[in-house]
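Below: the structure, in structure tokens.
The values are calculated or read from the model by the stated rules, or taken from the named source; none is laboratory data. From a predicted model like this one, the values you see are computed outputs, not experimental measurements. For neighbour counting, all protein chains shown are included, and Cβ atoms are generated from backbone atoms with ideal geometry for every residue, glycine included. When the accessible area is computed, the model is the full protein with side chains, heavy atoms only, and any ligands, DNA or RNA have been set aside. Shrake-Rupley method; radii C 1.70, N 1.55, O 1.52, S 1.80 Å.
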Amino acid sequence: MIPITLPFLPPKEDYDILLHGIWKRQWLTNMGPLASDLEMKLKDHLGVDHLLFVTNGTIALQIAIKALGLKGEIITTPFTYVATTSSIVWEGCEPVFVDIDKNSLNIDPSKIEEAITEKTSAIIATHVYGNPCDVEAIEMIAKKHKLNVIYDAAHAFGVNVNNKSIFEYGDISTCSLHATKLFHSGEGGLVITKNSKLLKEMSHIRNFGHSGPETFYNLGINGKNSEFHAAMGLANFNYIQAIHDKRKLLTDRYDKKLKNLKAIKPIWHTKSSPNYAYYPIVFESESLLLECFEQLKLNEIFCRRYFYPSLANNLPYLETKSIKNTDDISKRVLCLPLYYDLALTEVDMICRLLLRVQNN
Ligand SMILES: *Cc1c(COP(=O)(O)O)cnc(C)c1O
């Protein structure tokens, strides 16, 4: 059986050593030494000024929205994981969907301005599959209309644009360190900002709003993460390069073997390089996708239709809406298995099956 993904696991001894320290200190959560160490290591590794380790990538989005005090309408993409949209609704705001660019699969900046109303407070865009949005165009629009920008960078760990971390763009970027993500701590998330005022807001929000044992700075929630999750992150930290290299090897193999498949890959931002978080392909037609999907399933190979269907017509709490490129692409896009423990021979088998379906 080949699943769409398997989480990377570090050698168990690496985790055990860190557990030993947890037992000695009896400090299990609330910004413990391992959580602080992980924050420091990640800041250094990513080259960002400030970041906070939080419970997960969803609470990261909610904390970001809360810290900016967003109200009213938020312009966003319907081609993303549901957490981007649900966080907006959860925070009492209204998502306004703008179509994606059919090459990058990210929100199309040229369609943002026509969606702005007097109620618009922000843009929340996702760097889909780790491919950076057109951050310059989005920044220009945001400045012109005095809107805040949050990037859901859940897929974009380790990505640079113009030689700096993608996490430095926008007022706040968020990341997910969930087990299925490129770099993980089991469950976990990050909020990243250059703005020290926003950092202060978010660090208090993460801890119930406490400013002291008996005093409060703002309205908070429990967004802290535990020492056990930090330990998983720290154990994985030493393998970031190895994970990257293996995923690159597998991706290059897919590229080489699938040259003749009637499917295309998203066009990458020209001033960035891929982080190999996913292997998405957009088939020529939905029928070819479905045939391939079924054929792989018969061979115990399980892909995922990330992201299908469009969030603009699949959520019971929102009115449905058809959106041209998103509807079209979401029907034709498939992510192929990609994870550290996947073998090149397995990639070869997947590619053989795909080409056989197409050529039948
Ligand atoms: C995974 C993911 C999230 C949510 O992250 P969790 O850590 O699972 O809460 C949010 N947005 C996108 C785009 C994601 O892929």
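Near Leu61, within a Cβ-to-Cβ distance under 15 Å, what is the net charge of the other residues, with Lys and Arg +1 and Asp and Glu -1? Net of charged neighbours comes to -2. If we count every other residue with Cβ under 13 angstrom of Ser86's Cβ, Lys/Arg +1 and Asp/Glu -1, where does the sum land? Charge balance in the 13 Å sphere: -3. Rounded to the nearest 20, the Cβ-based charge dipole of the stretch 240-359 about its Cα centre (Lys and Arg +1, Asp and Glu -1) stands at 320 debye.
With unit charges on the beta carbons (Lys and Arg positive, Asp and Glu negative) and the dipole taken about the Cα centre of the chain, which residue among Tyr308, Leu296, Ile350 sits farthest to the positive side? Toward the positive end, the furthest listed residue is Ile350. Each peptide among 26-32, 120-126 gets the average number of other Cβ atoms lying within 10 Å of its residues, and from highest to lowest they stand as 120-126, 26-32.
Highest mean first, how do 132-141, 272-281, 251-260, 314-323 rank when packing is the count of other Cβ atoms within 10 Å averaged over residues?
Working: 132-141: 18.9, 272-281: 21.2, 251-260: 15.0, 314-323: 12.3.
Packing proxy ranking, top to bottom: 272-281, 132-141, 251-260, 314-323.
Here the contact order of the chain, divided by its residue count and restricted to Cα pairs under 8 Å and six or more residues apart, works out to 22 percent.
Working out 0.36 nm times the residue gap between Ile221 and Lys197, then minus their Cα-Cα distance, what length gain in nm do you get to one decimal? Extending this stretch completely gives an extra 6.8 nm. Each Lys and Arg contributes +1 and each Asp and Glu -1, all at the Cβ; summed about the Cα centre of the chain, the dipole is approximately 400 debye.
Which percent, nearest 5, of DSSP beta bridges in the chain are antiparallel? Please list the in-between numbers first.
Numbers: 23 of 40 bridges.
Around 60 percent antiparallel, to the nearest 5.
I need to check one value: relative contact order of the stretch 168-323, counting alpha carbon pairs closer than 8 Å and at least 6 residues apart, in percent. Can you show the working numbers first?
On the way: 144 pairs, mean separation 19.9, N = 156.
Relative CO of the stretch 168-323 lands at 13 percent.
Counting Lys and Arg as +1 and Asp and Glu as -1, what is the net charge of the other residues whose Cβ lies under 15 Å from the Cβ of Lys271? If you can, show how the numbers build up before the last one.
Working: positive: Lys164; negative: Asp134, Glu136, Glu139, Glu168.
Neighbour charge sum, excluding Lys271 itself: -3.
In this structure the chain gives 46 Å² per residue of accessible area when probed at 1.4 Å with all protein chains present. With charges set only on the Cβ (+1 for Lys and Arg, -1 for Asp and Glu), what does the dipole of the stretch 28-80 come to about its Cα centre, in debye to the nearest 20? Charge dipole, the stretch 28-80, about its Cα centre: 160 debye, nearest 20.
Helix-only estimate, please: 222 nm mean residue ellipticity of the chain, summing -39500 (n - 2.57) across DSSP H runs of length 4 or more and dividing by its residues, to the nearest 500. Let's see the in-between values first.
Values: 11 runs with 137 residues, N = 360.
Rounded to the nearest 500, the figure is -12000 deg cm²/dmol.
Annotation note: trypsin sites (Lys or Arg not before Pro) in the stretch 66-153 located in DSSP loop regions with a Cβ neighbour count of at most 11 within 10 Å are Lys146. Springs join every pair of Cα atoms under 10 Å in this Gaussian network model of the chain, and among Leu51, Leu290, Leu234 the largest mean-square fluctuation is at Leu290.
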